[in-house]
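Step one of this worksheet: look at the structure below.
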Amino acid sequence: MSSTRTPRRIGILGGTFDPVHIGHLRGALEVAEMVGLAEVRLVPNFRPPHREAPNSSAQDRLAMVRLAVQDLPSLTVDARELERDKPSYTIDTLESLRDELADDDQIFLIMGWDAFCGLPNWHRWDELLDYCHILVMQRPDADSEAPEALRDLLAARSVHDPQALAGSGGQIAFVWQAPLGVSATRIRQFLASGQSVRFLVPDAVLAYINAHGLYRASN
């Protein structure tokens, strides 16, 4: 008697996670539930090509992300970008992940609207959809238009229903989310000025920040 294998649906959410906060976690959970993903992998960047270097070390950021997801079975941590001593290009991550998965497994690259609008500046950005679908988290109050370089792509590749994304890649869908108004920049500012960030980051992450003296003004 043969059994039919069910293709896996895996989400990828990259970022510096400096520090990881409830906005990251809530967004990942909402997407996982809405699209029916088996897991969402949080992928900390080693050295993001288009941003300033992270404030905290790769070791600290990885430890915080692992603490943040320890009680969330649908969220996992993928450290492959921290293991590469070079800029963290998403196309490299997708290529290596695709090599590890079955041909019919689906990869969903999760990103916010601002990051999506910046895609034309990414390394080999026009190849991303060869390896994955893209899920864009867009808040109801986001009213900016996509840059011209992406308009033809959206017209050709957009799917209205995220659950209808078929095949191993090639399509784009939007996931609408209620805004939380949380940012790592604001959290670092609070910590630097001695203000509380309770309930903005998981308790385990806050305990780690306090134990290691991260983001203080003296750093």
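In the range 40-145, counting only strands (runs of 3 or more DSSP E) that sit wholly within it, the ones holding 3 or more residues that are touching a Cys at 6+ places or on another chain (Cβ under 9 Å) and under 29 Å from Ala166 (Cβ atoms) span 106-112. Selection of the range 63-116 for residues being open to solvent by 40 Å² or more (accessible area, probe 1.4 Å), acidic (Asp, Glu) and in contact (Cβ under 8 Å) with a residue 40 or more places away in the chain yields Asp103, Asp104.
Taking the listed residues Ala68, Ala28, Ala38, Ala32, the one that is out of contact with any Ser or Thr (no Cβ under 9 Å at 6 or more places or on another chain) and either small (Gly, Ala, Ser) or at pLDDT 95 or above (or both) is Ala68, with no other qualifying.
The residues in the range 155-184 that are at pLDDT 95 or above, part of a helix (DSSP H, G or I) and open to solvent by less than 70 Å² (accessible area, probe 1.4 Å) can be counted, and the count is 1.
The values are calculated or read from the model by the stated rules, or taken from the named source; none is laboratory data. If you're wondering where the values come from, they're calculated on a predicted model, not measured in any experiment. Neighbour counts are summed over all protein chains in view; Cβ atoms, including those assigned to glycine, are modelled from backbone coordinates with ideal geometry. Ligands, DNA and RNA are stripped out before the accessible areas are found, and what is left, the full protein with its side chains, is counted by its heavy atoms. Shrake-Rupley method; radii C 1.70, N 1.55, O 1.52, S 1.80 Å.
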